[in-house]
There are 2 protein chains.
Amino acid sequence: MRIVILGCGRLGAHLARQLDHEGHSVAVIDRNGEAFARLGSDFRGTMILGTGIDQDILRRAGIEQADAFVAVTNGDNTNAMASEIVKLVFKVPKVVARLYDPVREDTYHTLGLMETVCPTVIGSDKIREIVIGDGRKQ
Amino acid sequence: MRIVILGCGRLGAHLARQLDHEGHSVAVIDRNGEAFARLGSDFRGTMILGTGIDQDILRRAGIEQADAFVAVTNGDNTNAMASEIVKLVFKVPKVVARLYDPVREDTYHTLGLMETVCPTVIGSDKIREIVIGDGRKQ
C-alpha cells in the first residue's frame, strides 16, 4: 500500500518504520527536520519537510496516489484539518487521525469523514483491563 | 477494588471516572489542583493534592489498603519512580505505569516490577489495524 503519514513524533515514526519494514511505500511529513532522525538510517521511505495542511506538500508526499493517510502530529486541530483536506480534496480512501481529546474524537467520528484513534480512551481501556481483569468489583 | 491513580490528566481522569461509576473506590493524586476539575461534579472518589513520589501523600491516598496503583502523569520518570516505590515499599499487588517511551517501557517490562502501557505502541498498532486491515501488502 501507499501510505502518507503526517507527524514524525514517536507514534508517527514507530508506525512508519513498521509499515516500511513490512514492504509498504511510506512517505512521512513533518515541519521539523530533526524529527526524521527517529526513522533510523535503514528507513527506505520518503521524508518531506513542511506542514500537512499545505496541499503542495501533500502532493509532494504523493497524496494523489495514496491508499491511506494517517495524521499523528501532536495537535488535534492540525490532525483533524489535514484529514478533512485529504478526504475531501484528494479523496484518499482510508484516513485516520489521532485525536487526544475524547470529546472531539467523538464529534469527528460521528461526522464520519475519517477514522479516529484516541490514545486517552484506548490507553484507559488497556489499563482498566490490566487492573480489573476478571471484572470483579469493590 | 481500591485503586489509587497518580495523575489527573485526560487519561487519569477518564479512568478514574469510569472506575468510580463502576463502583470501585478511587483516589486520585495530582500536584495541580485545577486538574481535578476533569473528574466532574459527580465523582465520588478522593482527591489528594501532591506528588506521587512522596510517601506521605501516597499514604493519605490510602496506598496501604490499595489493591491497585496506576501512574499516568505526563512524565515517564515520575510514573516509573512512583510505581517502584509503591511496589517495593507498599507491596501493592497490581501496579501499572504509562510510559511514552517504547524503549523505556521495554526495560521496565523486563524488570517485571510493574505492568506497563505504552500509548505509542498501542496507538500505532491500532492505526496499523485500521489502515492495513486485511493484512495485504503494497
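Bear in mind that the values in this text are calculations on the coordinates, not laboratory data. Here the structure is a predicted model, which means the values were calculated and not measured. Neighbour counts run over all protein chains shown; Cβ positions are idealised from the backbone, glycine included.
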Legend entry - Loop-located trypsin sites (Lys or Arg not before Pro) in region A:20-84, at most 14 other Cβ atoms within 10 Å (DSSP): A:Arg44
Inset, instruction - Could you tally up the Lys pairs in the protein assembly as shown with alpha carbons closer than 23 Å? Skip any pair fewer than 8 positions apart unless they're on separate chains. - result: 15
Inset, instruction - For region A:1-62 and region B:55-77, write down the distance between their C-alpha centroids in whole Å. - result: 38
Inset, instruction - For region B:2-132, just run the numbers: alpha carbon Rg, then divide by 2.2 N^0.38 Å, N being how many residues it has. - result: 1.04
Inset, instruction - Can you tell me the FRET efficiency between B:Gln55 and A:Ile53 if r is taken as the Cβ-Cβ distance and R0 is 45 Å, rounded to the nearest 0.05? - result: 0.40
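Given the convex hull over the Cα atoms of region A:84-138, what projected area results after averaging over all orientations, in nm²?
4.9
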Inset, instruction - Relative to the longest principal axis of the C-alpha atoms of chain B, give the angle of the C-alpha long axis of helix B:102-111, reported between 0 and 90° and rounded to the nearest 10°. - result: 60
Legend entry - Label distances, nm, A:Asn77 versus same residue in remaining copies, Cβ-directed 7 Å point: 3.1
Legend entry - Axis proximity, chain A to B: residue whose C-beta lies nearest, plus whole-Å distance: A:Pro119, 2
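In whole percent, what relative contact order does chain B give with Cα contacts below 8 Å and a gap of six or more residues? Each step should come with its number before you reach the end.
Details: 240 pairs, mean separation 27.3, N = 138.
Dividing the mean separation by the residue count of chain B yields 20 percent.
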Legend entry - Full-stretch length increase - B:Leu111, B:Ser41 - with 0.36 nm per residue and alpha-carbon distance subtracted: 21.3 nm
Inset, instruction - May I ask you to report, in nm to one decimal and beginning with the shortest, the distances from A:Leu113 to the same position in the other copies, taking label points 7 Å along Cα-to-Cβ? - result: 4.5
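Charges only on Cβ, +1 for Lys and Arg, -1 for Asp and Glu: so what's the dipole of region A:2-132 about the Cα centre, in debye to the nearest 20?
Approximately 180 debye in magnitude.
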Legend entry - Percent antiparallel among DSSP beta bridges (both partners in chain A, rounded to 5): 0
